[in-house]
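Visitor: Here's a structure for you.
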Protein chains: 2
Amino acid sequence: MENNNNPYNMGLAQNSANFSALSPVGFIERAASVYPEHTAVIYGDLRRSWRETYERCLRLASALQQRGIGEGDTVAAVLPNIPEMLELHFAIPMLGAVLNTQNTRLDAETIGFMLDHGQAQVVITDREFSDTVGKALKMCQQQPLVVDVDDIQFSGGELLGSLTYEQLLNEGDEHFSWQPPADEWQAIALNYTSGTTGNPKGVVYHHRGAYLNSLSNILGQNLPPHAVYLWTLPMFHCNGWCYPWAVTAVAGTHVCLRHLQAERIFAAIQTNGVTHFCGAPVVLNMLLNAAPQTRPLVDHPVTVTTGGAAPPASIIAGMEALGVQVVHAYGLTETYGPSVFCCYQQAWDELSLEQRAAKMARQGVRAPGMAELMVADPLTLEPVARDGTVMGEVMMRGNTMMKGYLRNPSASADAFSGGWFHTGDLAVWHADGYIEVKDRSKDVIISGGENISTIEVEDVLYRHPAILEAAVVAQADDHWGEVPCAVVTLKPGEALDAQSIIDFCRDKMAHYKCPKRVVFAELPKTSTGKVQKYALRQMLQP
Amino acid sequence: MENNNNPYNMGLAQNSANFSALSPVGFIERAASVYPEHTAVIYGDLRRSWRETYERCLRLASALQQRGIGEGDTVAAVLPNIPEMLELHFAIPMLGAVLNTQNTRLDAETIGFMLDHGQAQVVITDREFSDTVGKALKMCQQQPLVVDVDDIQFSGGELLGSLTYEQLLNEGDEHFSWQPPADEWQAIALNYTSGTTGNPKGVVYHHRGAYLNSLSNILGQNLPPHAVYLWTLPMFHCNGWCYPWAVTAVAGTHVCLRHLQAERIFAAIQTNGVTHFCGAPVVLNMLLNAAPQTRPLVDHPVTVTTGGAAPPASIIAGMEALGVQVVHAYGLTETYGPSVFCCYQQAWDELSLEQRAAKMARQGVRAPGMAELMVADPLTLEPVARDGTVMGEVMMRGNTMMKGYLRNPSASADAFSGGWFHTGDLAVWHADGYIEVKDRSKDVIISGGENISTIEVEDVLYRHPAILEAAVVAQADDHWGEVPCAVVTLKPGEALDAQSIIDFCRDKMAHYKCPKRVVFAELPKTSTGKVQKYALRQMLQP
């Protein structure tokens, strides 16, 4: 097939007129030049236009450049969802530097580890986190420039650094001329995985992927021009699933929110005409529990994209009753957030709520930006049958995929083994092409040669009216190899014994899948709210 | 700024899990796998789903591969806007081959030239054009495989080739496994410019640009999921401005139309729930003249993107009265069609129709996919003042730009001189960043040191109720260097003398801009309906 005399390759090379590196930084230049007076940011009483926001980004980039920050340098941020956090998503990559947003719920030791591992040259933080960040700075080797956001909308905490964010901005030039990256493969962000075991791994994003996942989000969630986006998802989480860039690409409005409180969210949606927001099912549950009696809640179309866990039918129905359309997305830190969407099919309109919710609870199909998605045997890479039954590992490949893990070549090689990214999630593949995640591969229970999905067992446990939280893990068993063991927290005022829970399960699912043992205890969780199953397994060891 | 020890470049290279070549071919695979039963194509009574359409593309690609077509081979098409034309936009690039859609209105000699220059291995044609194509095949050196679409919805003409399109399809395998291009810079299409002088130039598109301009269109025209697109713009024109790919990317529906007839367009919009279509202002004018008395015409939101010439206020107002929203776009064959959009500003709602139309008649700002746009001195590349007065040449750079002209390195070098694409269009730049095209640079008149926009003079002439068509060109003048000369066609039954036209102009614009001479004659035009000003200038030579 090779064609050495291909005339289409002769004298038709790339040049600066017909090739430019893909980068999301251009989104803000376009928003500011085309819609300079459109509202870019709302934060409490604060309103800033795209012109003002862009100027602030230019000044920040200019000031940091004067202080020596440039290509390949790391700028860490420990910030809530405030306008400054948004600005960093443009100002830092303008310099070719790398933005490392950190989970604000982490402990000092982990933050210190990340500052050292990422070799942060600058840390931008906020009084709200001064206690933890102050300790982290004392523990780490790195001696970054520390910059405080001194937000008048928050009181408490201390200023840790040598100057404030506004002082830094004042050092900069609003006419700063930034250059797009010479190479779209250049790193743009560093995001540490929460790491249920061992040290967090540093996932490196590139400009090309950030650009393409932004467009993929716009297509997947149908973000219109001037979408109004509410920041309920932490921007530190996979760069807010790339929405800082995506919403800017449509010259939308970012509605910032420091604290997740149901009444503030409801007020922001109504007052600002919010059209889109994102959040884990647990956030939606919080909204439903706090929702006022008057429904629908909203008088304009609102879409919420949820991920991190499958949304139960009750949450889908509840949100729809509030007037909010639910989109289920799935992804990982390694995939810039959403890389699989449960695309809605018109035919599902005909189904009962229960049936429809079962369809929508599946993770779905590849996002527009991801090239390929499969459920396959992790060793042979052979795709599983699309029968909704056989489990395999979820694998992906495409442009919205990390460069790899920073300074961790063996972890990168493992993750990309065989030319596919191995998610570590086990799923079935349905006949309609939709995947449904059943378990983390390291959590699945193999009992008498059968795979048992712990998620499936947990789903049954959650249906028990007295159970508040439940997690299922494997326990060694001489006869079966492994058997399911449930750890359960009851709702306040409830009482229940182990046998009645086992009976409840046996009534609802195949007996080999039912817990053989039930333990009543509080569940250990990561900073992002995920149950730490390795800790549970340790706890249960004889 | 170079950082040789940049840790973000160490062990983080591209691999098949995190990099894939951008290509619009993946759009159809996704549409067919996610929405297999959704209607992809409507053509008269014919309906085909995405599954069926994708299978036909696979069979076509397979059949052509068996006949030796592969990377770098040219497949020419002389076809109307029928489903087969759409299929070619996916089947041909699946093979790494290059699709050369040809203007069906061209003469046999020009078609023959293009078949030879493009070295077409295959020609796919239709009985409607058998007369011209038959002659062209006799005139050219190239001996391509000739394939006829034998459309039951058209009678007349002859079958020219050795087999029909359906026979070719039957040779192919619907399970054909295509590979994305190894390099996204690979050529995908060849489009000849209409060429007002000399031989047409072959503009080469690449997969990356076709992918990115598709997404740019989706953003620029706000194409929602399952958009219903009516094919009023010829698919042979810059690959239908990339809409064959863009509409597929949103798993929309392509409504095909062999002939442009107002009543068929109206019927198709209503019957099929069309949401979007495109066309030159002349097409919109045809619709307005034929519109039924009952208005609004449509009972659902419809957007038309118009380009090729600025839409006059009367057309904007007329379309809005029909219930159709107008988007003005500007671009060239070299820029994959639309590369500048006149993005609507909410503040324009407050303006009078006349004022608003004046804003909307401007070409606008860079499309999301284009990196940079400027109006500049063509020699120094110095941008002109944004004062709406000083003229300069429109220049662009970015990814939605051709590779260059096929086998024409000097033309490519001229076009990309100084690292910018020179459009050859003269424009002013307004304070709000919107550009407004005033003339082709080779048509502008320089009289006594002043630039005169022939478009501006023509606009005044068109306001005269007795004038049907008008064109203005330069005529040599001993005193002024050049002076404007108008060539005018009157409406049937009208009578007018030269002096009254000159007086009409002097009443409405600066006197130095007014025609010094008026000639009554029919205007010579290209196959795409553009006035051939070089022919006019020859005609007027003393």
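Visitor: Considering each of A:Asp116, A:Asp45 in turn, give the residue that is without any contact (Cβ under 8 Å) to a residue 40 or more places away in the chain and within 14 Å of chain B (Cβ to nearest Cβ).
Guide: One residue alone meets the criteria, A:Asp116.
Visitor: Given the criteria under 26 Å from the mean Cα position of the chain (by Cα) and at pLDDT 95 or above, does B:Glu171 qualify? Break it down stepwise before answering.
Guide: Details: under 26 Å from the mean Cα position of the chain (by Cα): no; at pLDDT 95 or above: yes.
When the stated conditions are applied, B:Glu171 does not pass them.
Visitor: Related question: Could you run through the range B:324-376 and say how many residues are more than 10 Å from chain A (Cβ to nearest Cβ), among the charged types (D, E, K, R) and either over 23 Å from the mean Cα position of the chain (by Cα) or closer than 30 Å to B:Gly418 by Cβ (or both)?
Guide: Here is the first cut: in the range B:324-376, the residues more than 10 Å from chain A (Cβ to nearest Cβ) are B:324-333, B:336-340, B:342, B:348-363, B:374-376.
With the extra rule that they be among the charged types (D, E, K, R), the set shrinks to B:349-350, B:354, B:356, B:359, B:362.
Now drop any that are not either over 23 Å from the mean Cα position of the chain (by Cα) or closer than 30 Å to B:Gly418 by Cβ (or both), which leaves B:349-350, B:354, B:356, B:362.
Adding up the residues that qualify gives 5.
Visitor: Tally time: how many residues in the range A:404-434 are open to solvent by 40 Å² or more (accessible area, probe 1.4 Å) and either at the interface with chain B (Cβ under 7 Å from one of its Cβ atoms) or hydroxyl-bearing (Ser, Thr, Tyr) (or both)?
Guide: Total satisfying the criteria: 4.
Visitor: Quick check on my filter: what residues within the range A:418-437 are of a type in the set (A, V, I, L, M) and assigned to a loop (DSSP other than H, G, I, E, B)?
Guide: Our first condition is that a residue be of a type in the set (A, V, I, L, M); within the range A:418-437, this holds for A:426-428, A:431, A:435, A:437.
Hit for the range A:418-437 is A:Ala431, nothing else.
Visitor: List the pairs whose first member sits in the range B:294-319 and is hydroxyl-bearing (Ser, Thr, Tyr), whose second member is assigned to a helix (DSSP H, G or I) and at pLDDT 80 or above, and whose Cβ atoms are under 7 Å apart, counting only residues at least 6 apart or on separate chains?
Guide: From the range B:294-319, the pairs are B:Thr303/B:Gln221; B:Thr305/B:Gln221; B:Thr306/B:Pro281; B:Thr306/B:Leu284.
Visitor: At least 1 residues that are more than 25 Å from the chain's Cα centre (by Cα) in each: list the strands (runs of 3 or more DSSP E) lying fully within the range A:1-90 that qualify. Spell out the reasoning first.
Guide: Values: elements: A:39-43, A:46-49, A:74-78.
The qualifying strands (runs of 3 or more DSSP E) are A:39-43, A:46-49.
Visitor: Can you name the residue in the range B:187-217 that is of a type in the set (Val, Ile, Thr) and open to solvent by less than 10 Å² (accessible area, probe 1.4 Å) and, of all such residues, is nearest to B:Tyr35 (Cα to Cα)?
Guide: Looking at residues that are of a type in the set (Val, Ile, Thr) and open to solvent by less than 10 Å² (accessible area, probe 1.4 Å), I get B:Ile188.
Visitor: With the condition kept exactly as written, say whether any residue in the range B:60-80 is at pLDDT 95 or above, away from chain A (no Cβ under 14 Å), farther than 26 Å from A:Asn6 by Cα and surrounded by fewer than 24 Cβ atoms within 10 Å (Cβ to Cβ).
Guide: Yes - at least one qualifying residue is present in the range B:60-80.
Visitor: Can you pull out the residues in the range A:339-358 that are surrounded by 21 or more Cβ atoms within 10 Å (Cβ to Cβ) and at pLDDT below 95?
Guide: Across the range A:339-358, the qualifying residue is only A:Ala357.
Visitor: If I go through the range A:221-253 residue by residue, how many of them are touching a Gly at 6+ places or on another chain (Cβ under 8 Å), part of a helix (DSSP H, G or I) and within 11 Å of chain B (Cβ to nearest Cβ)?
Guide: 0
Visitor: Mind listing just one residue for me: the one in the range A:133-156 that is crowded, with 18+ Cβ neighbours inside 10 Å and more than 23 Å from A:Leu60 (Cα to Cα) and, of those, farthest from the chain's Cα centre (by Cα)?
Guide: Out of the qualifying residues, it is A:Cys140.
Visitor: Here's something else I'd like to know. Given the criteria in contact with a Pro (Cβ under 9 Å, 6 or more places away or on another chain), buried (at least 21 other Cβ atoms within 10 Å of the Cβ) and within 8 Å of chain A (Cβ to nearest Cβ), does B:Gly11 qualify? It would help to see each step written out before you state the result.
Guide: Numbers: in contact with a Pro (Cβ under 9 Å, 6 or more places away or on another chain): yes; buried (at least 21 other Cβ atoms within 10 Å of the Cβ): no; within 8 Å of chain A (Cβ to nearest Cβ): yes.
So B:Gly11 fails the test.
Visitor: If the requirement is being within 9 Å of another protein chain (Cβ to nearest Cβ) and buried (at least 21 other Cβ atoms within 10 Å of the Cβ), which of these qualifies: B:Val98, B:Val25? Can you show your working first?
Guide: Working: B:Val25 fails: within 9 Å of another protein chain (Cβ to nearest Cβ).
The conditions single out B:Val98.
Visitor: Additional query: From A:Ala40, A:Ala32, which residue is open to solvent by less than 30 Å² (accessible area, probe 1.4 Å), within 13 Å of chain B (Cβ to nearest Cβ), closer than 21 Å to A:Glu166 by Cβ and of a type in the set (Gly, Ala, Ser)? First the steps, then the outcome.
Guide: On the way: A:Ala40 fails: within 13 Å of chain B (Cβ to nearest Cβ).
After applying the criteria, what remains is A:Ala32.
Visitor: Follow-up. Criterion first (surrounded by 23 or more Cβ atoms within 10 Å (Cβ to Cβ), in contact with a strand residue (DSSP E or B) (Cβ under 8 Å, 6 or more places away or on another chain) and away from chain A (no Cβ under 14 Å)) does B:Met401 satisfy it? Give the derivation first.
Guide: Details: surrounded by 23 or more Cβ atoms within 10 Å (Cβ to Cβ): yes; in contact with a strand residue (DSSP E or B) (Cβ under 8 Å, 6 or more places away or on another chain): yes; away from chain A (no Cβ under 14 Å): no.
In short, no.
Visitor: Further question on the same structure: Could you list, ordered by first residue, the pairs with Cβ atoms under 7 Å in which the first is in the range A:466-493 and on the phi > 0 side of the Ramachandran plot and the second is open to solvent by 10 Å² or more (accessible area, probe 1.4 Å) and part of a loop (DSSP other than H, G, I, E, B), at least 6 apart or interchain?
Guide: A:Gly481/A:Gly448
Visitor: On to the next question. Out of B:Ala290, B:Ala309, B:Ala313, B:Ala267, report the one residue that is more than 14 Å from chain A (Cβ to nearest Cβ), under 23 Å from B:Leu373 (Cβ atoms) and open to solvent by 20 Å² or more (accessible area, probe 1.4 Å).
Guide: Working: B:Ala290 fails: under 23 Å from B:Leu373 (Cβ atoms); B:Ala313 fails: under 23 Å from B:Leu373 (Cβ atoms); B:Ala267 fails: under 23 Å from B:Leu373 (Cβ atoms).
It is B:Ala309.
Visitor: Report, ordered by the first and then the second residue, all pairs with beta carbons closer than 7 Å, sequence separation of six or more or different chains, a first member in the range A:505-532 that is at positive phi, and a second member that is of a type in the set (A, V, I, L, M) and open to solvent by 90 Å² or more (accessible area, probe 1.4 Å).
Guide: Listed by first residue and then by second, the contacts come to A:Gly529/A:Val282.
The values are calculated or read from the model by the stated rules, or taken from the named source; none is laboratory data. Computed from a predicted structure; not experimentally measured. Positions of Cβ are generated from backbone atoms using ideal geometry, with glycine treated the same way; all protein chains shown enter the neighbour counts. Please note that ligands, DNA and RNA were not included when accessible areas were found on the heavy atoms of the full protein model with its side chains. Shrake-Rupley method; radii C 1.70, N 1.55, O 1.52, S 1.80 Å.
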